[in-house]
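Only the coordinates and a few stated rules stand behind these numbers; no lab work does. Since we're looking at a predicted model, the values are computed, not measured. A quick note on method: Cβ atoms are made from the backbone with ideal geometry, for glycine too, and the neighbour counts reach across all protein chains shown.
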Amino acid sequence: MGMGTALNFDELKARGQKLRERLGTETQIQEEIVTSIFRRAEAIASRVTSQSETRSKDWSKVVDDLLTSRIVGFPLMLLFLASILWLTISGANYPSNALAALFSAVEDRLTLLLLHWEVPAWFHGLAVLGTFRCLAWVISVMLPPMAIFFPMFTLLEDLGYLPRVAFNLDSIFQRSGAHGKQALTMAMGFGCNAVGVMAARIIDSPRERLIAILTNNFIPCNGRFPLLISLAALFLRVGQMKYGTALASLSVAGMVLLGVCMTFIVSFILSRTLLKGVSSFFALELPPYRRPQVLQVLIRSVLDRILFVLWRAVKVAAPAGALVWVLANVNVNGMSIIDHLAGCLDPVGRLMGLDGFILLAFILGLPANEIVIPALLMSYLGTGALVEIESLTAMRELLLARGWNWLTALNVMVFSVLHFPCGTTLLTIRHETGGWKWAFLAVLLTTGTACLTCFVIAQSVRYLQMLL
């Protein structure tokens, strides 16, 4: 009896092996199942429905054929992104200057009020030159781009375009050893990387969910777009160079593309080293196009994204501005604390085409990426006060006086895209993975990638300059 049972089991096992060899891998089996379900549904639908011979052309299918085409699908994605960035850069300049002028007037009134009250000079510096100016910078620089970028991005989302983006990127993620749904979590990362990390819950495979979590920070979030847009506008001299706005838009789009490419590369490496495994199957049914509800989109963008992100930045910017002012104005052995810290980081920064103050600004910006530029400007100034925000020209002159050139601006943009996650994202990674191990790995992975990329760029450019 025992021998017969063993024999039957061996026969079943052999038959199962033959069936697996005939059908292929688990992924191929899933594909066959899903394909057969859709074919069966089409067969049933064709028997119970009829179509008029004079039926009008299905424009939705025509548009889908273009947006999901292997030839023009990706160029159209880049075109949409570059167009949104061009509108953001060209439209944000005037309201940003208007807000800067408003905050400058408010600062004058605050200064007069504090002088009237005869407050100590250190209190004026801490409250006005540190805290208020940092807040003013964050609001005047962040609010106009967000007010343009987020509604347009939400319109594309409401229209039904983002699932088409996921469809286009699915095959690349499959080749990278990741899950096709990571394209959706990546899209969420453009708003906030912490949200993108939480969105990885839609991925069932724990291995592929970890890949999505660890690589989401390569997608520039809203907190990094103001830095990217400002530097692109400053060093391509928008308004002073022919096609300057278009070039600035393309450079920012190039930074986004760099982050996407790095996502694929790091996902590929992780899936073949630390997180080995076979990619699971992803079936995506493209939803029909919808007419965007413009009013709802605007309300959702303002309440859910713009005001939420701005309030978070303001809460972080106020104490950060005060901290940077203290570090810049407290002297030890004749030098400010910021000068000491930046001096320790300077040798490493120079190797990457940066400097110690830039690296320190990114470290101080750990609570939120929005305060990197204010912290950097405040650190550069010997008085420890943030530069007046009356115009971007003053900012450009300050950076040039500190030895900046196009290579510095490029590497700052690259480092901003690739560097470690902000504090909120790190806490979210810890919560989603159940411990600090993966959060710490995310810091090492992203920061190591950023340092290596900037080092290669800086040394390559310097070597070419020596040859020429």
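Annotations for the structure displayed:
- Treating r as the C-beta distance of I265 and I363 and R0 as 35 Å, the FRET efficiency rounds to 0.90.
- Annotation note: trypsin sites (Lys or Arg not before Pro) in segment 168-221 located in DSSP loop regions with a Cβ neighbour count of at most 14 within 10 Å are absent.
- Whole-Hz couplings from phi, Karplus 6.51/-1.76/1.60, listed for segment 334-341; x for Gly and Pro: x, 10, 5, 4, 4, 4, 4, 5
- Note on V297, V63, V252: ascending count of other Cβ atoms within 10 Å places them as V63, V297, V252, the fewest first.
- Enclosed volume per residue, in Å³, of the convex hull spanned by Cα atoms of segment 55-127: 158 Å³
- Legend: P(r) of segment 85-242 from all alpha carbon pair distances, 10 Å bins from 0, whole percents, reading 10, 27, 25, 20, 12, 5, 1.
- Taking other C-beta atoms within 10 Å as the exposure proxy, Y161, Y463 rank Y463, Y161 from fewest upward.
- Shown for V48, V372, V106: other C-beta atoms within 10 Å of each C-beta, ranked fewest to most, produce the order V48, V106, V372.
- Residue-count net charge about D346 - beta-carbon cut-off 11 Å; Lys, Arg +1, Asp, Glu -1: -1
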